[in-house]
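Peer 1: Below: one structure in structure tokens.
Coordinate-derived values only; no laboratory data. These figures come from a predicted structure and were not determined experimentally. Because the Cβ atoms are built from the backbone with ideal geometry, glycine has one as well, and the counts that use them run over all protein chains shown.
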Amino acid sequence: MSVTQATPTPGRERKWVGKSIRRVEDPKFLTGRGGYVDDLVLPGMLHAAVLRSPHAHARITRIDVEAARRLPGVAAVVTGAEAAELCNPMPDFGPAPDKHVWRCLAVDKVRHVGEGVAVVVAESRYLAEDARDLIEVEYEPLPVVADPIAALEPTAPLVHEALGSNLAYQRTFVFGEVERDFAEADLVVRDHLRWRRSGGQPLETVGAVADYDPATGMLTIHCNSLTFTHFLFMLANTLKVPANRLDVRPAPAGGSFGSKFWAVKVAAIAGMLAKKLGRPVKLIEDRVDNITNCDHHGSDRIYDVELAVMKDGTLRGIKFDVVDDYGAYIQFGTGTHGNSLAQCVGPYRIGSVQYAVRAVLTNKCQQGAHRGFGSEVTNWAIERMVDLAARELGLDPVEIRRRNFIRPEQFPYFIPSGNVYDSGNYEGVMDTALRLADYDHWRREQERLRREGRYIGIGVISCQERSVFSATEFWFWFDEPAAKVTSAPESVTLSVDPTGGVTATLYSNAFWGNSSDTVVAQLVAEEFDVDPHSVNVVYSGSNRGLPATGPGGSRFTVMVAGAVNGAAARIKEKARKVAGHVLEVDPEDLEWAEGGFRVKGAPDRRLSLAEIALQTYLFKHSLPDEIETGLEASKVYDHPYTTMPSDDRSNLGVFYPFVGNACHVPVIEVDPETGAISYLKYVAVHDAGTMVNPRGLEGQIIGGTAHGIGTALFEEYVYDRDGQLLTTSYMDYLIPSAMEVPEVVVGHQETPSPFTVHGIKGGGEGGRMMTPAALSAAIDDALAPLGVRCTELPATPERIRRWIEEARARGGGTMSG
Amino acid sequence: MTDRHRIALTVNGRPCEAEVESRRLLVDFLREDLGLKGAHIGCEHGVCGTCTVLMNGESIRSCITFAVQANGSSILTVEGLSGDGRLHPLQEAFWDHQALQCGYCTPGMLLRAYEFLQENPRPTPDQVRAAIASNLCRCTGYQFIVEAVLDAARRLETAGAGRGQEPAAPRA
Amino acid sequence: MKPPPFVYHAPTTVAEAVTLLDETGEEGQVLAGGQSLIPLMNFRLARPGHLVDVTSIRDLDYVRREDGRLRIGAATRQAAVERDPAAAEQAPLLVEALGFVGHEPIRHRGTVVGSLAHADPAAEIPAVALAMDAELTAVGARGERRLAASELFTGPFSTSLEPGELLTEAQFTAWPPGSGHAFLEFARRHGDFAVAGAAVLLHLDGGVVDRAAIALCGVAGTPVRATEAERRLLGERPTPAVVEAAAEAATAGLTPVSDVHGSSAYRRQVARAYVRRALALAAERAQGGTR
């Protein structure tokens, strides 16, 4: 067990942490010099295009690539069978990697529409696509399994024969006295909920430029994914190169939203081709590739949920029975449910939890990461049930939440699954939101407008935003995990040059749009009292790199703050010794102030950081022997708060400890004739602990809310019964435009974490983790006169319209339209 | 079969002649042949707007325009928006308001906003929202972009409609 | 997603274009704004061997007002029509509908006539052409002919144009004073193709409808003219009940194709609501309300 209690420096105001400075990375993006992976051009570079399967499930009986190979300008055509000789299977963290083998290109059979069956490399992308058209593939269609419930039938076609069924994993966790709580409950509310799959869909797709030097055996892959640098030996294994001959160099990502966390296949294919040809190869997914074959579709869940409540509204216990459609592979195992278990009681004092999960394989693109990583779905399910309980008990949604919130004095609060909520003030967040929303006013307006035949709805929800995962969540699924537990560290090197200029070197592919440069610059500025815009932030390749995990699970800011703080402490320790020597005082008599060390009580006797740095670089022989030349330090910051699960897994330990909270209050109007929604108000109040750059956090909240609106109302990867994907373009997969997103009134509360440097918590996913629950509640509220209940997302206009018709058929009130 | 054509056009105020294959998309011509990486490829079917550039002063999708169709035209890309090492007031406003996160939609968004402010120098927030609805942004939720465009309008008005900050390419 | 190779032609006269289309036969295709065609080519769902770019024919780039008619050439961009004062006077329905065609960057390239020739059943301009009884000019190797919009659309993305025939002009006849127009559509996202849309014109005399035109998009394989509903409106005051009955008549027999944006029944439901709303707005405008 490791727990570090961060102690805020008393009596010292923070100077840079907490300021909404302009982002240090912006000038390059504003001028078209972003340096994205597709901007990279290497001499002699070739371009690749992947041939995708049109079938959801089919045996490949013949591939003829001769015509494609003969086309002038084509350098190579590689089929799945050849790729299987050039490469080992893809890295797979799933439950039984040898039984659901995942390869960069399909071998023998295809398992979903869009899966790659061959790849062409040519002098241009145009020529590569011309040649791709000339490849002849004969498929023998196989029975398709596109429905996760049908996939569980004993007679269902098998996605992976070696697995023997389509059930990749199942387990029922019981935390606390759940049967007692249900037996003692006054009321048990039950519902069947459906959350359909959507995805990150960043405007930039996944890409890689690979370059192989046969003379040194060095394979360099520039890419906009692969943040997890200490797992890159697994990619080296896939590519059959020694791990120390693989260098993955980060390019800024044009958005990720989870989907570039570990999008390893594009890098693998580009690397395979560069190694085969000895020439640089660029592979950039096009939009159809990304939609059909990105390996990062989001959760696709069917829930049966039961919530045990008392007459006074007290929430006692909750049971989840969830089937999750993972698609054709299961690269991260059921990690998305680990995220759920991190906050499976929401912000409430629910005493017991039963969580049954079945992970099912079907003929669809596999799941990966999507902003929230599965916890957003649980937020929605919990809030749907709390709203149902409130309706059954005749309680206002505000009141039932108020009665059940974990109280400020109860932190740190251990939830039944074993995870801890470090700190919070949930009622404070909700009260701020209600005030900003002018809740009472809108309740009156709702009443008035209902009399005019208009359908106004107000949603009030309160959800958790867990942040900073520990790697235990990837192995507590198993009684005997395949590997012992690791950490998920973040690292930084700080270098002070002889003039006092600071360079911060990062080791993960940290830029996804999340202001990693600015965050680090502000943290460094805080440590050294320098202008953040003077800090040079650079990104190391993995080959010379320290272990780092990058963004994901809202971990980056917290973790890099720990790394910067640790590296700065090492630099200051050395600088103190040097300053003490030069000023001829005991180093303990020095104090750090205004960018240097000064003698306590004699503030004019001081040395600036630049003066100290100059000493360390140029005057080595004037310094004590143990002082090495230069002023640089690194810090590998391991997860600060992880505890081990119990052997029987009745307690999963602490694995996601820094837990923010938010309350969203949308006020909407529903057009009962079309099911369309318009906004009258949207309030979002978040508590993500201490804010580093409040404007930046606000941007994440508003952007996440827009993303959540997409999830709640617009976005869906729609597969038909035959496993055909019907939404393969941006004409059909609907990302909201400025006209579909309201102005969001953002409020903040800062409840610092007692366990992190500066008290920071993660904040990048919160918007999307709240909005679906909030809009579902608002839809119900708007259509309450009919008794409509939103049980399926996305709540498209047509679904809303259908619920209205069904409610009307049940005799639920009257309305026009 | 390779059908090639000579084209002559103006890009960011500079004359430019080239021979292009007829099927070459304008975005690829700008990015690969001219090295102007500010026009991005997002969807290649005209929906997302990351490839937006101005042709004769009008915003277009360069991913669904052939380079050969740009013959004789004047093109403005984001690289032409700032001059003499100075950011355009729109770029300054985007920076000040944090109107970008990943930056991928930003060049297209800037050019669309630049065009819009020429047509409507004193827009309302709703008008800005409607105008930029042509371009998707996955990061920001648009709000800070709207604020930045409104602020840029004020700055341009104060600066005498931005004279002295005009990009090299004239509006046709 | 790069287009397959083709030969590009930039004729400067209609005659040259027609000759090229005749010579290239089935391989030849007209390129106008390209805002529908080029995406299809990028997806490699369309593979024309030759593209004949009619926007290079300067003589076809015009918006003219003549004898109460608005004449629009095949090279004229949608945005040019949208901001043309004559178009606003002669065909306010068309101008209103243009605001729903994609977004400004699309309309800067897309053409009015090209949209008619493309014949997307969900598109706005074909519905307007149908409602306004637009007259079209087609030129082929065998000469020039006139056809009514109602004769053009034969199915989804298919028209009665002969192989090698080029649509050179669309004419819209203005409705007299006392008319009201409305184009309304419901799309899931701003700027997208409509789930259903309604193009409506009404003329009132003494508060009574004496002329009506209703066309719908997004609800069938072609844009649809709702003649039965038009007939029911004649001689009636546009009261809510009359308008509702007309909307019901306009949509009752429709069997739209289901897709991811809406099932058949849902599209019909939306169409009914939007015909009603469009009729109400057009009636209000005809009676001197806001235009």
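Peer 1: Looking only at region A:139-155, count how many residues are part of a loop (DSSP other than H, G, I, E, B) and of a type in the set (A, V, I, L, M).
Peer 2: Looking only at that region, the number is 5.
Peer 1: Among the residues of region C:1-21, write down those that are in a helix (DSSP H, G or I) and more than 26 Å from the chain's Cα centre (by Cα).
Peer 2: Those that are in a helix (DSSP H, G or I) and more than 26 Å from the chain's Cα centre (by Cα): C:Glu16, C:Thr19, C:Leu20.
Per-residue answers, yes or no, for (1) basic (Lys, Arg); (2) within 30 Å of C:Leu254 (Cα to Cα); (3) over 10 Å from the mean Cα position of the chain (by Cα):
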{"site": "C:Glu104", "(1), (2), (3)": "no, no, yes"}
{"site": "C:Ala117", "(1), (2), (3)": "no, yes, no"}
{"site": "C:Ala123", "(1), (2), (3)": "no, yes, no"}
{"site": "C:Arg146", "(1), (2), (3)": "yes, yes, yes"}
{"site": "C:Ala149", "(1), (2), (3)": "no, yes, no"}
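Peer 1: Right, here's the next one. Would you mind telling me which numbered condition in (1) more than 19 Å from C:His118 (Cα to Cα); (2) facing chain B (nearest Cβ under 9 Å) C:Tyr62 fails?
Peer 2: C:Tyr62 satisfies all of (1) more than 19 Å from C:His118 (Cα to Cα); (2) facing chain B (nearest Cβ under 9 Å) except (2).
Peer 1: Could I ask something else about it? Looking only at region B:89-109, count every residue that is facing chain A (nearest Cβ under 7 Å), crowded, with 23+ Cβ neighbours inside 10 Å and either over 12 Å from the mean Cα position of the chain (by Cα) or not in a loop (DSSP other than H, G, I, E, B) (or both) and tell me the total.
Peer 2: Counting residues in region B:89-109 that are facing chain A (nearest Cβ under 7 Å), crowded, with 23+ Cβ neighbours inside 10 Å and either over 12 Å from the mean Cα position of the chain (by Cα) or not in a loop (DSSP other than H, G, I, E, B) (or both) gives 10.
Peer 1: Then there is this: Pick out, from region A:232-310, the strands (runs of 3 or more DSSP E) lying fully within it that include 3 or more residues that are over 27 Å from the mean Cα position of the chain (by Cα), more than 25 Å from A:Arg111 (Cβ to Cβ) and away from every other protein chain (no Cβ under 14 Å).
Peer 2: A:301-309
Peer 1: State which residue is farthest from A:Asp130 (Cα to Cα) when the search covers only region A:16-64 and only residues that are away from chain B (no Cβ under 14 Å) and among the basic types (Lys, Arg).
Peer 2: Ranking the candidates gives A:Arg59 first.
Peer 1: Let me ask something else. Buried (at least 23 other Cβ atoms within 10 Å of the Cβ), in contact (Cβ under 8 Å) with a residue 24 or more places away in the chain and of a type in the set (Ser, Thr, Tyr): is that true of A:Ser737 in this structure?
Peer 2: no
Peer 1: Starting from residues that are surrounded by 24 or more Cβ atoms within 10 Å (Cβ to Cβ) and within 7 Å of another protein chain (Cβ to nearest Cβ), keep the ones in region B:50-65 and report whichever is nearest to the chain's Cα centre (by Cα).
Peer 2: Result: B:Thr52.
Peer 1: Which of the strands (runs of 3 or more DSSP E) contained wholly in region C:38-104 include at least 3 residues that are farther than 27 Å from C:Gly218 by Cα and not aromatic (Phe, Trp, Tyr)?
Peer 2: C:50-53, C:63-66
Peer 1: Looking only at residues that are in a helix (DSSP H, G or I) and among the hydrophobic types (A, V, I, L, M, F, W, C) in region C:257-271, which one is nearest to the other protein chains (Cβ to nearest Cβ)?
Peer 2: That would be C:Val270.
Peer 1: Okay, next question. Please work out which one of (1) farther than 23 Å from A:Pro736 by Cα; (2) buried (at least 17 other Cβ atoms within 10 Å of the Cβ); (3) away from chain C (no Cβ under 13 Å) is the condition A:Ile804 fails and give its number.
Peer 2: Every listed condition holds for A:Ile804 apart from (3).
Peer 1: Looking only at region A:771-801, how many residues end up being β-branched (Val, Ile, Thr), away from chain C (no Cβ under 14 Å) and either assigned to a loop (DSSP other than H, G, I, E, B) or surrounded by fewer than 20 Cβ atoms within 10 Å (Cβ to Cβ) (or both)?
Peer 2: 2
Peer 1: Need the failing condition index for C:Phe6 against (1) of a type outside the set (Asp, Glu); (2) free of Cβ contacts under 8 Å to residues at least 40 places away in the same chain; (3) buried (at least 22 other Cβ atoms within 10 Å of the Cβ); (4) within 11 Å of chain B (Cβ to nearest Cβ), just the number.
Peer 2: Result: C:Phe6 fails condition (2) only.
Peer 1: Could you tell me which of the residues B:Leu30, B:Leu36 is facing chain A (nearest Cβ under 8 Å) and under 16 Å from the mean Cα position of the chain (by Cα)?
Peer 2: Among B:Leu30, B:Leu36, only B:Leu36 is facing chain A (nearest Cβ under 8 Å) and under 16 Å from the mean Cα position of the chain (by Cα).
Peer 1: Tally time: how many residues in region B:11-43 are touching a Gly at 6+ places or on another chain (Cβ under 9 Å) and of a type in the set (S, T, N, Q)?
Peer 2: Qualifying residue count, region B:11-43: 1.
Peer 1: Right, here's the next one. Tell me whether region A:671-683 contains one or more residues that are within 14 Å of chain B (Cβ to nearest Cβ), in a strand (DSSP E or B) and surrounded by 22 or more Cβ atoms within 10 Å (Cβ to Cβ).
Peer 2: Among the residues of region A:671-683, at least one is within 14 Å of chain B (Cβ to nearest Cβ), in a strand (DSSP E or B) and surrounded by 22 or more Cβ atoms within 10 Å (Cβ to Cβ), which makes the answer yes.
Peer 1: Looking at A:Ala579, A:Ala575, A:Ala567, can you tell me which residue is within 24 Å of A:Pro624 (Cβ to Cβ), in contact with a Ser or Thr (Cβ under 7 Å, 6 or more places away or on another chain) and surrounded by 18 or more Cβ atoms within 10 Å (Cβ to Cβ)?
Peer 2: Step by step, each of A:Ala579, A:Ala575, A:Ala567 is checked, and only A:Ala567 is within 24 Å of A:Pro624 (Cβ to Cβ), in contact with a Ser or Thr (Cβ under 7 Å, 6 or more places away or on another chain) and surrounded by 18 or more Cβ atoms within 10 Å (Cβ to Cβ).
Peer 1: Then there's this: Run down A:Gly704, A:Gly762 and say which single residue is within 14 Å of chain B (Cβ to nearest Cβ) and buried (at least 22 other Cβ atoms within 10 Å of the Cβ).
Peer 2: A:Gly704
Peer 1: Additional query: Within region A:726-734, is there a residue that is touching a residue at least 12 places away in the same chain (Cβ under 8 Å), touching a helix residue (DSSP H, G or I) at 6+ places or on another chain (Cβ under 6 Å), farther than 11 Å from B:Arg138 by Cα and surrounded by fewer than 24 Cβ atoms within 10 Å (Cβ to Cβ)?
Peer 2: The answer is yes; a qualifying residue exists.
Peer 1: Here's something else I'd like to know. Go through region A:165-189 and count every residue that is exposed (fewer than 14 other Cβ atoms within 10 Å of the Cβ) and in contact (Cβ under 8 Å) with a residue 12 or more places away in the chain.
Peer 2: Here the count works out to 3.
Peer 1: Next up: Considering only region C:238-256, how many residues are within 14 Å of chain A (Cβ to nearest Cβ) and assigned to a loop (DSSP other than H, G, I, E, B)?
Peer 2: Matching residues across region C:238-256 total 1.
Peer 1: Another question about this same structure. I'd like to check something: does region A:209-225 contain any residue that is surrounded by fewer than 21 Cβ atoms within 10 Å (Cβ to Cβ), free of Cβ contacts under 8 Å to residues at least 24 places away in the same chain and either under 21 Å from the mean Cα position of the chain (by Cα) or part of a loop (DSSP other than H, G, I, E, B) (or both)?
Peer 2: Among the residues of region A:209-225, at least one is surrounded by fewer than 21 Cβ atoms within 10 Å (Cβ to Cβ), free of Cβ contacts under 8 Å to residues at least 24 places away in the same chain and either under 21 Å from the mean Cα position of the chain (by Cα) or part of a loop (DSSP other than H, G, I, E, B) (or both), which makes the answer yes.
Residues checked against (1) under 19 Å from A:Glu285 (Cβ atoms); (2) under 35 Å from the mean Cα position of the chain (by Cα); (3) of a type in the set (A, V, I, L, M):
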residue: A:Val24; (1), (2), (3): no, yes, yes
residue: A:Leu30; (1), (2), (3): no, yes, yes
residue: A:Gly35; (1), (2), (3): yes, yes, no
residue: A:Ala49; (1), (2), (3): yes, yes, yes
residue: A:Asp64; (1), (2), (3): no, no, no
residue: A:Arg70; (1), (2), (3): no, no, no
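Peer 1: Let me ask something additional. Considering B:Ala148, B:Ala130, which residue is surrounded by fewer than 22 Cβ atoms within 10 Å (Cβ to Cβ) and of a type in the set (A, V, I, L, M)?
Peer 2: Criteria check complete, one pass: B:Ala130.
Peer 1: Any idea which of (1) within 11 Å of chain B (Cβ to nearest Cβ); (2) under 27 Å from A:Tyr730 (Cβ atoms); (3) not aromatic (Phe, Trp, Tyr) is the one C:Ser56 doesn't satisfy?
Peer 2: For C:Ser56, the exception is condition (2).
Peer 1: Go through region A:78-122 residue by residue and tally those that are more than 30 Å from the chain's Cα centre (by Cα) and not hydrophobic (A, V, I, L, M, F, W, C).
Peer 2: Residues that pass the stated criteria total 6.
Peer 1: Is there any pair linking a residue in region B:67-81 that is without any contact (Cβ under 8 Å) to a residue 12 or more places away in the chain and facing chain A (nearest Cβ under 8 Å) to one that is charged (D, E, K, R) and crowded, with 24+ Cβ neighbours inside 10 Å, with Cβ under 7 Å and at least six apart or on different chains, and which?
Peer 2: none
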